[in-house]
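To start, the structure under review is shown below, and the notes come after it.
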Amino acid sequence: MDPPRRVRLRPWLVAQVSSRRYPGLRWLDPERRRFAIPWRHATRHPHGPPEHDTIFKAWAQETGKFREGVDAPDPPKWKATLRCALNKSREFRLLFDGTKATPLRPYKVYELCEGPPADDAGEDDYGCEEEDDDNQLQGMMSLSISVTDLEIKFQYRGRQVCVLTISNPHGCRLFHSSLEPTQEQVELFGPLTLEQVRFPAPDTIPNEKQRFYTHQLLDVLDRGLILELQGQDLYAIRLCQCKVFWTGPCAGPTAGPNPIEREKKTKLFSLEGFLNGLILFQKGQTPTPPPFEIFFCFGEEWPDQKPKEKKLITVQVVPVAARLLLEMFSGELSWSADSVPLHISHPDLKDRLVEQFKELHQLWQHQQRLPPAPPAPDPQTGAWGLPS
């Protein structure tokens, strides 16, 4: 293979922007030399221009990094190559990165810098690490991402009765009993280091028959179900008499009920497996993101032909770290790309003073049981009813 050609980035890119050949690549302010580059992500912005006709591919071809009909197409690598060249160059300044904005914007804005260019600035991407958004997750593998936080939702026949988040590096025990575990009863109830999470009382269930059978199940949950954290993995250990069935990311395909064997450790969730699945999803190699929710059904077979809402006792467990990672890399933390951008200034001293007045006023209203505050006074009389 021929060595990569050294090409001056600035004149080449300026010519491409002016050519209007690539959709979205355009001048925003010709006098100040600002331009926008479309920077779509294959999974976040699936309706963008085809990858076979982009400025990224053109730069790879111009520098000899990609030869049509010889090299395998690699859009993520093309994008990383141009990004790296722009970052190295002192002739371009990144003004706005929409891929990190809230809400997401599928473009970046650059400005041409004045002054004499360096001899080697922007000519190529030698020494750059070829990485892009698709590969950022691989760096996560070496980070200490905690799976400590678990969100737990209790439902009685489809009705949510309790939601809580536990943060314990050892995990928790779900149980229903008046007995408190002691150091001498570790074999009966598990380690004392576990967070002790009691099932909600079924007393508020309106249906008498449902309440009766729910009590029947809770009465055999004294020893409980342990959710044990080990490294970056989550396991279940069933100690209780009540049989427990489950579905989740480590359950594998099953055509029928999936029970948890008593006093046998069962893997529920693997952070490494989740990250690997997220990488494949970000690269577009899988149509859906990896699952991370775990669902338990107590005392009734699951999965079966009945919907979850018909089950007497169900518990959903969510590793919070997995949900946040998925939201972060799919852009869902910003709701959607169609959200209205809100422009709000940072609060100054007067803004904080107003907030304190609002809190005091609300507190006073609550104590006095007054109706909501009357409409704001006429601007002509000032903010506090005094002449302005």
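The values are calculated or read from the model by the stated rules, or taken from the named source; none is laboratory data. Small disclaimer: the values here were computed from a predicted structure and weren't measured. In this analysis, Cβ positions are derived from the backbone assuming ideal geometry, glycine residues included, and neighbour counts consider all displayed protein chains.
Every condition in (1) touching a residue at least 40 places away in the same chain (Cβ under 8 Å); (2) surrounded by fewer than 19 Cβ atoms within 10 Å (Cβ to Cβ) is met by residue 267 except one, and the failing one is (1).
A quick yes/no check of all residues on (1) at pLDDT below 95; (2) under 28 Å from residue 233 (Cα atoms); (3) in a helix (DSSP H, G or I); (4) acidic (Asp, Glu):
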{"residue": "165", "(1), (2), (3), (4)": "yes, yes, no, no"}
{"residue": "169", "(1), (2), (3), (4)": "yes, yes, no, no"}
{"residue": "172", "(1), (2), (3), (4)": "no, yes, no, no"}
{"residue": "200", "(1), (2), (3), (4)": "no, yes, no, no"}
{"residue": "214", "(1), (2), (3), (4)": "no, no, yes, no"}
{"residue": "220", "(1), (2), (3), (4)": "no, yes, no, no"}
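Every listed requirement among (1) charged (D, E, K, R); (2) surrounded by fewer than 19 Cβ atoms within 10 Å (Cβ to Cβ); (3) at pLDDT 85 or above is met by residue 31 save one, (3).
Conditions tested, residue by residue: (1) aliphatic (A, V, I, L, M); (2) at pLDDT 95 or above; (3) under 24 Å from residue 159 (Cα atoms).
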| site | (1), (2), (3) |
| --- | --- |
| 232 | no, no, no |
| 237 | yes, yes, no |
| 252 | no, no, no |
| 272 | no, no, no |
| 281 | no, no, no |
| 289 | no, no, no |
| 306 | no, no, yes |
| 311 | no, yes, yes |
| 315 | yes, yes, yes |
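Only one of these is surrounded by fewer than 16 Cβ atoms within 10 Å (Cβ to Cβ) and aliphatic (A, V, I, L, M): 244, 197, 220. Name it. The match here is 220.
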